[in-house]
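Working notes for the structure below.
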Amino acid sequence: MKIKTKDLLTLDELTKDELSKIIDLAIKLKKDLKKGKNQPLLKNKTLAMIFQKPSTRTRVSFEVGMFQLGGHALNLSSDDLQLSRGESIEDTAKALSRYVDVIMARVYDHKTIETLAKNSSVPVINGLSNSFHPCQTLADLMTIKEKKRKLSGLKIAWIGDGNNVCNSLIYGCSKSGINISVATPRGYEPDSKVVKQAKKSIKIEITTHPLTSAKNADVVMTDTFSSIHNRDPKRIKRFFPKFQVNPSVMKTAKNNAIFLHCLPAKRGNEVTSSVIDGPKSVVWDEAENRLHTEKALLLSMSI
Ligand code: CP
Ligand code: NVA
């Protein structure tokens, strides 16, 4: 199946059916890989990866994913490109489109990835912007589906910053029939446009009370209080300790609730070690699933 959208910038571009098919394909690719079946379906294809910010999982999962599919990935730090000397995003997009089959970029301003997509003749994937992180949501939904055997009808508690990961997650929930409760301090809520749209299809609650969110949750999620683009040390005072995922939050969620975190994590800030390193945590499966979902996404795009 090929998805209709040329680019994946927020996750909202996917239909419900396309999203569900990408997740199922990722689950299949994971099983195939473990059985030693690995088809070079992207032979002779090249992915350019542009990084304005650091990355461990996104970089490695895309690079290994392309390798496993028989293709090739180029790691391009924006400091090494002529971008650092003032070449425009528009011209960079046009030049790269003449060499590679797909571009993934991690950027600060979300407008940068929009401009890149608009000026590229090849598909563009958002590998994280200040506003969205769609590839993370694919891996998160895959992990939840593997563990809970379904998506529709579940409840996620997001406790912490209403950030880029949270915005794409809300789109993912709204396309998968998952209800979500976000507990965050006032002023740190997810994008109001995203929330408004999700309200049309799922139950979405925004609260300042973590235990209200956690009640009856099947999945508890959080992310660092300080994102790469948002490192003001004063932020922590707004979040800590009230919005930390700790054993009492997990006890308030359902007995069989699981804990997810996109990583990197700061133990002792947004989550205690006892939770992230405890029996309910599935963060390493979630990190692994970045590989399988990146591959499923690449195979679903027109490259
Ligand atoms: N979760 C995630 O995107 O990790 P990296 O910043 O290491 O890519
Ligand atoms: N919200 C975090 C996610 C890192 C993967 C950030 O933007 O830094």
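Details
- Failed item, numbered, when Tyr99 is tested on (1) buried (at least 20 other Cβ atoms within 10 Å of the Cβ); (2) away from ligand 2 (no atom under 16 Å from the Cβ); (3) of a type outside the set (Lys, Arg): (1)
- Which listed residue, of Asp161, Asp218, is at pLDDT 95 or above, among the acidic types (Asp, Glu) and touching an Asp or Glu at 6+ places or on another chain (Cβ under 9 Å): Asp161
- Neighbours by Cβ (under 8 Å, 6+ apart or cross-chain): first from segment 42-64, near ligand 1 (Cβ under 8 Å from one of its atoms); second at pLDDT below 95: Lys53/Ile228; Lys53/His229; Pro54/Ile228
- Scan of segment 58-73 for residues that are of a type outside the set (S, T, N, Q), within 15 Å of ligand 2 (Cβ to nearest atom) and crowded, with 21+ Cβ neighbours inside 10 Å, ordered by number: Phe62
- Selection from segment 113-138 of residues that are away from ligand 2 (no atom under 11 Å from the Cβ) and in a helix (DSSP H, G or I): Ile113, Glu114, Thr115, Leu116, Ala117, Lys118, Asn119, Pro134, Thr137, Leu138
- Condition check for Leu76: without any contact (Cβ under 8 Å) to a residue 60 or more places away in the chain and either in a strand (DSSP E or B) or surrounded by 24 or more Cβ atoms within 10 Å (Cβ to Cβ) (or both): yes
- Scanning segment 139-171 for residues that are away from ligand 2 (no atom under 14 Å from the Cβ), part of a helix (DSSP H, G or I) and under 20 Å from Lys30 (Cβ atoms) yields Leu141, Met142, Thr143, Ile144, Lys145, Glu146, Lys147, Lys148.
- Leading residue by the ranking (surrounded by the most Cβ atoms within 10 Å (Cβ to Cβ)) among those in segment 138-155 that are basic (Lys, Arg) and more than 12 Å from Ile258 (Cα to Cα): Lys150
- Pairing each residue of segment 234-250 that is under 15 Å from Ser181 (Cβ atoms) with any residue that is surrounded by fewer than 15 Cβ atoms within 10 Å (Cβ to Cβ), provided the two are 6+ apart or on different chains, yields no C-beta distance under 7 Å.
- Meets criteria (within 15 Å of ligand 2 (Cβ to nearest atom), within 25 Å of Tyr108 (Cα to Cα) and surrounded by 15 or more Cβ atoms within 10 Å (Cβ to Cβ)) for Asn269: yes
The values are calculated or read from the model by the stated rules, or taken from the named source; none is laboratory data. Fair warning: this is a prediction, and the values are worked out from it, not measured in the lab. Every residue, glycine as well, gets a Cβ built from its backbone with ideal geometry; the counts of neighbours run over all protein chains shown.
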